[in-house]
Amino acid sequence: MAVFVSALTTVGIITILVEVKYLGRKTAILRNVLAFLFSFITAYLMGVFLK
């Protein structure tokens, strides 16, 4: 569940067009990919610490 909530709030499928306009295509895609990966890292760490 933590992965879903984190990815939902940090990865912007709708806002990608605005990000591309202001940040550039490469930066916008990189930011979204890193946010998606960070969601999994955060979920894993929550699972470890909340056990």
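Conditions (1) surrounded by 11 or more Cβ atoms within 10 Å (Cβ to Cβ); (2) more than 12 Å from the chain's Cα centre (by Cα), marked per residue:
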site	(1), (2)
S6	yes, no
G12	yes, no
T15	yes, yes
V20	yes, yes
Y44	yes, yes
G47	yes, yes
L50	no, yes
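Pairing each residue of the stretch 25-51 that is touching a residue at least 24 places away in the same chain (Cβ under 8 Å) with any residue that is assigned to a helix (DSSP H, G or I) and not hydroxyl-bearing (S, T, Y), provided the two are 6+ apart or on different chains, yields C-beta distances under 7 Å for F36/A7; S39/V3; S39/A7; F40/V3; T42/A2; A43/A2; A43/V3; M46/A2.
I want to confirm something. Restricting to the stretch 24-36 and keeping residues that are surrounded by 14 or more Cβ atoms within 10 Å (Cβ to Cβ) and among the aliphatic types (A, V, I, L, M), which single residue is nearest to the chain's Cα centre (by Cα)? So that I can check it myself, show each step before the final result.
Within the stretch 24-36, the subset surrounded by 14 or more Cβ atoms within 10 Å (Cβ to Cβ) is 28-29, 31-32, 35-36.
Add one more test, that the residue is among the aliphatic types (A, V, I, L, M), and what stays is 28-29, 35.
Working: A28: 11, I29: 10, A35: 3 Å.
That would be A35.
For the stretch 7-16, the count of residues that are touching a residue at least 40 places away in the same chain (Cβ under 8 Å), part of a helix (DSSP H, G or I) and polar (S, T, N, Q) is zero. Residues of the stretch 17-51 that are among the charged types (D, E, K, R) and not in a loop (DSSP other than H, G, I, E, B): E19, K21, R25, K26, R31.
Laboratory data are not the source of any read-out in this text; all were calculated from the coordinates shown. Bear in mind that the values here come from a model prediction, so they are computed numbers and not experimental data. Because the Cβ atoms are built from the backbone with ideal geometry, glycine has one as well, and the counts that use them run over all protein chains shown.
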